[in-house]
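Visitor: The structure that follows is given in the form of structure tokens.
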Amino acid sequence: MTRTIEEINAKIKAGKVVVYTAEEVIGLVREKGVSQAAREVDVVTTGTFGPMCSSGAYFNIKQSTPKIKCGGGRVTFNGVPVYAGWAAADLYLGCSALPDEDPRNAVYPGLFKYGGAHIIEDLLSGRKVKLVAQAYGTDCYPRKEYTTELGLEDFNNAVLFNPRNGYQLYNVAVNLSERTIYTYMGVLRPRLGNANYSTAGALSPLLKDPELRTVGLGSRVFLGGAEGYVVWPGTQHVPSPPRAENGLPLTPSATLALIGDLKQMSPRFLRAASFTGYGATLAVGLGLPIPVLDEQVMAQAAISDEEITYPIIDYSEAYPLARPGDLGRVSMAELMSGQIEVSGKKVPTGCLASRARAREVALELKQRIKDGRFHLTQPVAPLPGAELA
Amino acid sequence: MKKKLVISFPPRLIQEPVTYHLIRDYNLQVNILRATVRPRERGRMVVELMGDKKDLDRAFEYMEDVGLQADPLVQEMRYYPERCVHCTACTAVCPTEALTVDPQSRELIFEASHCIICESCIAACPYSAIESQF
Ligand code: SF4
Ligand code: SF4
């Protein structure tokens, strides 16, 4: 059995496409087998919703009169510094940027209640932000100071551009030390007090196409509630990770650089988060449609929570000091049970990504495809290390 | 019978030996979960009282008579469902069964009656969906 993207898009147009979410398809394959399921289903939708620190947005502001050159100057949104190393009116806001006066971890652990991500959420929620720009002034851009209030609609462009999202597989974090530590994997209590994980498991986009046979540069995705695109491999993308027999990587590996129109996005799928002792970050709702091009695609899209395993890493020493340390592996199903065993000790688990919201992403993408509001794209090039089906 | 309460003391009653009376005069078991007293401000104490219904009722009368305010505990930790994304990060640090996950929907369940206001969940929640009123 093979199928092309054109055939799938024709079925979407005709209103005849069959779409399952990456959770739903597991049951179907168990019941009917891979071949039958592959014949019946055209597209499998995935979803994830979790903190992804390499996220941010670039903006182009309408010029003031007289004009101002922000490039090389200093610009803040609600006190949060924005990168202004570009042309006169282009700015980039990273989700982890903090106001200068934030005490950070000087008052330990810092709370990071307001940062770049919160600006993005404010704009998406219809609130205005205060822009303050200081420039050095030129003959063509004489203005030196500019203060104004801007809502999302006031920008010429507002584009979400995330250099690294959708990490394929991630660590389970624990703390072997004697004190509580505050990490990007959340609060980790001493002596294996808890184990935190951050993945959508059987719904996770890149885990359901583990060898990246259907996703590549140019793939259209669900990003923050709108359409987005894969523009490049994400930073730190690992082209040839060690893999298990079912194709799943054994360590954190593939990543995606994503882009999309912020003006079309929704605060339901882009949320500001404050990690105590660590920083501000953006929780991103991301969904990839997997076209069922052949039986192998279907077999891998049906990988279950029992089959996906993650390495357990100590974040008190092994991670920060890059020391090896083998605490074993654990499956998504075990993690979701609320308790795992590490070094013979029962450890409660907590997640940083929301499975409930990931499910909502996958269902929303499924609905849009069925309604003919979302068509699939043929990638223009594979991701490094991958071969397209 | 068991009751979890927040007892508020106006400044003039900070010296009142409340727990002593509750134990001595009303035969109650008193488990102090939290207490804050600052000079010239209201003091607040979260307690679990255990005893006969009759004794508990008499204890409530006594507290009302001397001018102490005793409220049921539920209002203390506030959960904001509209802010919660159901990540479940908080469940791993909750020492009781106050924060759990529905295995089907994967949504958070906050059971206020199990909460002992240890406040561990506040730092664990990245979305300020649980806050203390204490
Ligand atoms: S305050 Fe403590 S007991 Fe109450 S919900 Fe939070 S972690 Fe659980
Ligand atoms: S940590 Fe916060 S957002 Fe996550 S489930 Fe708990 S209350 Fe909800």
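The values are calculated or read from the model by the stated rules, or taken from the named source; none is laboratory data. It should be emphasised that the depicted structure is a prediction, and the values quoted were computed from it without experimental measurement. Using ideal geometry, Cβ is built from the backbone for each residue, glycine included, and neighbour counts are taken over all protein chains shown.
Visitor: Does A:N171 meet the test of being in contact (Cβ under 8 Å) with a residue 24 or more places away in the chain, more than 10 Å from chain B (Cβ to nearest Cβ), over 21 Å from A:G285 (Cβ atoms) and of a type in the set (S, T, N, Q)? Outline the logic, then answer.
Guide: Details: in contact (Cβ under 8 Å) with a residue 24 or more places away in the chain: yes; more than 10 Å from chain B (Cβ to nearest Cβ): yes; over 21 Å from A:G285 (Cβ atoms): yes; of a type in the set (S, T, N, Q): yes.
So A:N171 fits the description; yes.
Visitor: Has the range B:102-112 got at least one residue that is crowded, with 22+ Cβ neighbours inside 10 Å, among the aliphatic types (A, V, I, L, M) and either facing chain A (nearest Cβ under 7 Å) or more than 9 Å from ligand 2 (Cβ to nearest atom) (or both)?
Guide: no
Visitor: Just to check your reading of the model, which residue among B:R78, B:R83 is of a type in the set (K, R), at pLDDT 85 or above, within 14 Å of ligand 2 (Cβ to nearest atom) and within 15 Å of the chain's Cα centre (by Cα)?
Guide: Working: B:R83 fails: within 15 Å of the chain's Cα centre (by Cα).
Result of the check over B:R78, B:R83: B:R78.
Visitor: Also, quick follow-up: I'm checking my understanding of the structure. Among residues of the range B:68-85 that are over 20 Å from B:R44 (Cβ atoms) and of a type in the set (D, E, K, R), which one is nearest to the other protein chains (Cβ to nearest Cβ)? Reasoning before the result, please.
Guide: As a first pass, look at the range B:68-85 and keep what is over 20 Å from B:R44 (Cβ atoms): B:80-85.
Filter again for of a type in the set (D, E, K, R), leaving B:82-83.
Values: B:E82: 11, B:R83: 9 Å.
Here the residue is B:R83.
Visitor: Considering only residues of the range A:44-77 that are touching a helix residue (DSSP H, G or I) at 6+ places or on another chain (Cβ under 6 Å) and either more than 14 Å from chain B (Cβ to nearest Cβ) or part of a strand (DSSP E or B) (or both), which is nearest to A:L93 (Cα to Cα)? Before you say what the answer is, go through the steps one by one.
Guide: Filtering the range A:44-77 for residues touching a helix residue (DSSP H, G or I) at 6+ places or on another chain (Cβ under 6 Å) gives A:44-49, A:57, A:77.
Keeping just the survivors that are either more than 14 Å from chain B (Cβ to nearest Cβ) or part of a strand (DSSP E or B) (or both) gives A:44-46, A:48-49, A:57, A:77.
Numbers: A:V44: 33, A:T45: 30, A:T46: 28, A:T48: 23, A:F49: 21, A:A57: 5, A:F77: 9 Å.
Among those residues, the one meeting the criterion is A:A57.
Visitor: Looking at A:S64, A:S125, can you tell me which residue is within 28 Å of the chain's Cα centre (by Cα) and of a type in the set (S, T, N, Q)? Please lay out each step first, then the result.
Guide: Working: A:S64 fails: within 28 Å of the chain's Cα centre (by Cα).
Within the list A:S64, A:S125, the selection yields A:S125.
Visitor: Those residues that are in a strand (DSSP E or B) and at pLDDT 85 or above, I need them from the range B:9-32; list them, please. If you could, list the steps in order and put the result at the bottom.
Guide: Step one: filter the range B:9-32 for residues in a strand (DSSP E or B), giving B:9, B:29-32.
Of everything in the range B:9-32, those that are in a strand (DSSP E or B) and at pLDDT 85 or above turn out to be B:Q29, B:V30, B:N31, B:I32.
Visitor: Mind checking which residues of the range B:86-101 are under 17 Å from A:F49 (Cβ atoms) and either more than 8 Å from chain A (Cβ to nearest Cβ) or within 6 Å of ligand 2 (Cβ to nearest atom) (or both)?
Guide: Once the filter is applied, which keeps residues that are under 17 Å from A:F49 (Cβ atoms) and either more than 8 Å from chain A (Cβ to nearest Cβ) or within 6 Å of ligand 2 (Cβ to nearest atom) (or both), the range B:86-101 yields B:H86, B:C87, B:T88, B:A89, B:C90.
Visitor: Still on this structure, I have one more. In the range A:290-320, how many are part of a strand (DSSP E or B) and more than 23 Å from A:A333 (Cα to Cα)?
Guide: Step one: of the range A:290-320, the residues part of a strand (DSSP E or B) are A:290-291, A:294, A:309-314.
When the remaining residues are screened for being more than 23 Å from A:A333 (Cα to Cα), the result is A:291, A:294.
Within the range A:290-320, residues that are part of a strand (DSSP E or B) and more than 23 Å from A:A333 (Cα to Cα) number 2.
Visitor: Scan the range A:16-30 and report the pairs whose first residue is over 13 Å from A:E40 (Cα atoms) and whose second residue is at pLDDT 95 or above and not aliphatic (A, V, I, L, M), with Cβ atoms within less than 7 Å and a gap of 6+ or a chain change.
Guide: Sorted first by the residue in the range A:16-30, then by its partner, the pairs are A:T21/A:T45; A:T21/A:K366; A:A22/A:T45; A:A22/A:T46; A:A22/A:K208; A:E23/A:R359; A:I26/A:S304.
Visitor: Restrict the check to the range A:36-50 and report whether at least one residue is hydrophobic (A, V, I, L, M, F, W, C) and within 30 Å of A:D100 (Cα to Cα). Lay out the reasoning, then the answer.
Guide: So the first thing to find is which residues in the range A:36-50 are hydrophobic (A, V, I, L, M, F, W, C), and the list is A:37-38, A:41, A:43-44, A:49.
From what's left, within 30 Å of A:D100 (Cα to Cα): A:49.
Looking through the range A:36-50, at least one residue is hydrophobic (A, V, I, L, M, F, W, C) and within 30 Å of A:D100 (Cα to Cα).
Visitor: Could you tell me which of the residues A:L388, A:L352 is under 26 Å from A:L258 (Cα atoms), at pLDDT 95 or above and within 14 Å of another protein chain (Cβ to nearest Cβ)?
Guide: Numbers: A:L388 fails: within 14 Å of another protein chain (Cβ to nearest Cβ).
The conditions single out A:L352.
Visitor: Taking B:A35, is it within 16 Å of ligand 1 (Cβ to nearest atom) and either under 14 Å from the mean Cα position of the chain (by Cα) or part of a strand (DSSP E or B) (or both)? Can you show your working first?
Guide: Values: within 16 Å of ligand 1 (Cβ to nearest atom): yes; either under 14 Å from the mean Cα position of the chain (by Cα) or part of a strand (DSSP E or B) (or both): yes.
Judged against the criteria, B:A35 is a match.
Visitor: Please specify each residue of the range B:113-130 satisfying the condition of being surrounded by 24 or more Cβ atoms within 10 Å (Cβ to Cβ) and of a type outside the set (A, V, I, L, M, F, W, C).
Guide: Residue satisfying the conditions is B:P126 alone.
Visitor: Test B:C115 against the criterion of being touching a residue at least 40 places away in the same chain (Cβ under 8 Å) and either near ligand 2 (Cβ under 8 Å from one of its atoms) or not assigned by TED's automatic domain parsing to the domain that holds B:S8 (or both), and give yes or no. Break it down stepwise before answering.
Guide: Details: touching a residue at least 40 places away in the same chain (Cβ under 8 Å): yes; either near ligand 2 (Cβ under 8 Å from one of its atoms) or not assigned by TED's automatic domain parsing to the domain that holds B:S8 (or both): yes.
It is true that B:C115 is touching a residue at least 40 places away in the same chain (Cβ under 8 Å) and either near ligand 2 (Cβ under 8 Å from one of its atoms) or not assigned by TED's automatic domain parsing to the domain that holds B:S8 (or both).
Visitor: Output the residues belonging to the range B:83-134 that are near ligand 1 (Cβ under 9 Å from one of its atoms) and part of a helix (DSSP H, G or I).
Guide: Passing the criteria: B:C90, B:T91, B:A112, B:H114, B:S120, B:C121, B:I122, B:A124.
Visitor: Within the range A:228-250, is even one residue closer than 19 Å to A:G50 by Cβ, in contact with a Phe, Trp or Tyr (Cβ under 9 Å, 6 or more places away or on another chain), away from every other protein chain (no Cβ under 14 Å) and surrounded by 16 or more Cβ atoms within 10 Å (Cβ to Cβ)?
Guide: Scanning the range A:228-250, I find at least one residue that is closer than 19 Å to A:G50 by Cβ, in contact with a Phe, Trp or Tyr (Cβ under 9 Å, 6 or more places away or on another chain), away from every other protein chain (no Cβ under 14 Å) and surrounded by 16 or more Cβ atoms within 10 Å (Cβ to Cβ), so the answer is yes.
So that you can scan it fast, the table gives a plain yes or no per residue for (1) among the hydrophobic types (A, V, I, L, M, F, W, C); (2) within 30 Å of A:I181 (Cβ to Cβ); (3) touching a His at 6+ places or on another chain (Cβ under 8 Å):
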position	(1), (2), (3)
A:A280	yes, yes, yes
A:I303	yes, no, no
A:I308	yes, yes, no
A:P311	no, yes, no
A:P324	no, yes, no
A:A356	yes, yes, yes
A:R359	no, no, no
A:L363	yes, no, no
A:V380	yes, no, no
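Visitor: Related question: Being away from every other protein chain (no Cβ under 12 Å), over 23 Å from the mean Cα position of the chain (by Cα) and touching a residue at least 24 places away in the same chain (Cβ under 8 Å) is the requirement here; does A:S266 meet it? I'd like the intermediate steps shown before the answer.
Guide: Numbers: away from every other protein chain (no Cβ under 12 Å): yes; over 23 Å from the mean Cα position of the chain (by Cα): no; touching a residue at least 24 places away in the same chain (Cβ under 8 Å): yes.
No.
Visitor: Go through the range B:40-59 and give me each residue that's away from ligand 1 (no atom under 16 Å from the Cβ), surrounded by fewer than 19 Cβ atoms within 10 Å (Cβ to Cβ) and modelled with pLDDT under 90.
Guide: Within the range B:40-59, B:R40, B:E41, B:R42 meet the criteria.
Visitor: Sticking with this one: Can you name every residue in the range B:69-120 that is of a type in the set (D, E) and farther than 30 Å from B:A59 by Cα?
Guide: Filtering the range B:69-120 for residues of a type in the set (D, E) gives B:71, B:76, B:82, B:97, B:102, B:107, B:111, B:119.
If the condition is that a residue be of a type in the set (D, E) and farther than 30 Å from B:A59 by Cα, then B:E82, B:D102, B:E107 are the ones that fit.
Visitor: Is it the case that the range A:207-221 has a residue that's in a helix (DSSP H, G or I), over 23 Å from A:F59 (Cα atoms) and in contact (Cβ under 8 Å) with a residue 40 or more places away in the chain? Full working, then the answer.
Guide: Quick first cut of the range A:207-221, residues in a helix (DSSP H, G or I) only: A:207.
Okay, now just the ones that are also over 23 Å from A:F59 (Cα atoms), so A:207.
With the extra rule that they be in contact (Cβ under 8 Å) with a residue 40 or more places away in the chain, the set shrinks to A:207.
Yes, because at least one residue in the range A:207-221 is in a helix (DSSP H, G or I), over 23 Å from A:F59 (Cα atoms) and in contact (Cβ under 8 Å) with a residue 40 or more places away in the chain.
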